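Please treat every number below as a calculation from the coordinates, not as lab data. Nothing here was measured: the structure is a model prediction, and the numbers come from that model.
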């Protein structure tokens, strides 16, 4: 009877571990490489170092991101629909920065106002099958730890 109780208590734990491992290992998250650092979105809230939130009220925003229709006018462009996009540009390494999108602002984290109108702290151009405009905005703001922009080199995918 004791063996049955131990087995009954261990099976759910094993199932949870297998599910969690499958969730972490098999899900591909948007990621960008900036120099030696990579910035990746994660759905695991507790692992993220940067938690961004979005707002529809420009007065509540700490960072404004404008969606542009011209890649040349953008500070950050994501175009990955071609055959040559790199799928392994953000392999796990110690310099990874994990970013998550929170439903509400977390501990003074950045709050992003995303619009097609200016003024803006960042301008993004997104034409992608794997990145949404919100994800691209979260990545660029997360890459700078929620701070307002400073001059940087273009990101590579």
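Could you tell me the relative contact order of the stretch 30-143? Use alpha-carbon pairs under 8 Å, at least six residues apart, and round to a whole percent.
45 percent
If the chain between residue 117 and residue 69 were fully stretched, how many nm would it gain, using 0.36 nm times the residue separation less the Cα-Cα distance?
Gain on stretching residue 117 to residue 69: 16.2 nm.
Rounded to the nearest 5, what is the percent of antiparallel bridges among the DSSP beta bridges in the stretch 30-143?
The antiparallel proportion sits near 15 percent.
For the stretch 30-143, what class follows from the C-alpha gyration tensor (a ≥ b ≥ c being the square roots of its eigenvalues): rounded when a/c is under 1.5, otherwise prolate if a/b is larger than b/c, else oblate?
Note, shape of the stretch 30-143 comes out oblate.
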